[in-house]
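The values are calculated or read from the model by the stated rules, or taken from the named source; none is laboratory data. A quick note: this is a predicted structure, and the numbers were derived from the prediction, not measured. Cβ atoms come from the backbone with ideal geometry, glycine included; neighbour counts cover every protein chain shown.
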Ligand SMILES: [Mg+2]
């Protein structure tokens, strides 16, 4: 369980704090890499010491957004088994369609539902697509 590696790209400090709290303190995961912006995304991806099993991508990011980060990750054979989940605060049904079409494995709306998160994460780890918007 603690072998699972996470990458979270998020520019909102509160969201980063909540995710770290849920993963580390709540669930005991320790291998979490966080990017606070998407600058030099390709370089930093290449510098990761472990391929993340789960990637959470904030959609609204600078200089490149979540859709573009997804595209770049999907182009890398090393990341073929990574589950890539969008995180966004403004999920409309139309946006879910866009996320599905783009090739995300799911979406979680922010702020994260702290009660549901462990169950949703378990489903993601089982390889299920999780489209949780509230
Ligand atoms: Mg953002």
Please specify each residue of the stretch 75-92 satisfying the condition of being assigned to a loop (DSSP other than H, G, I, E, B), modelled with pLDDT of 95 or more and surrounded by 14 or more Cβ atoms within 10 Å (Cβ to Cβ).
82
With 54, 45 as the choices, which residue is over 24 Å from residue 96 (Cα atoms), surrounded by 13 or more Cβ atoms within 10 Å (Cβ to Cβ) and either out of contact with any strand residue (DSSP E or B) (no Cβ under 9 Å at 6 or more places or on another chain) or touching a residue at least 24 places away in the same chain (Cβ under 8 Å) (or both)?
45
By residue number, the members of the stretch 20-45 that are in contact with a helix residue (DSSP H, G or I) (Cβ under 9 Å, 6 or more places away or on another chain), more than 16 Å from the ligand (Cβ to nearest atom) and closer than 20 Å to residue 75 by Cα are 42, 45
Being within 16 Å of the ligand (Cβ to nearest atom) and either surrounded by 14 or more Cβ atoms within 10 Å (Cβ to Cβ) or at pLDDT below 95 (or both) is the filter here, so list the residues in the stretch 1-19 that pass it.
7, 8, 9, 10, 11, 12, 15, 16, 18, 19
Test residue 87 against the stated conditions and say whether it is closer than 17 Å to residue 8 by Cα and within 11 Å of the ligand (Cβ to nearest atom).
yes
Extreme residue, nearest to residue 80 (Cα to Cα), among residues of the stretch 47-63 that are within 16 Å of the ligand (Cβ to nearest atom) and under 15 Å from the mean Cα position of the chain (by Cα)
55
Please go through (1) under 23 Å from residue 21 (Cα atoms); (2) part of a helix (DSSP H, G or I) for residue 112 and return the number of the only condition it doesn't satisfy.
(2)
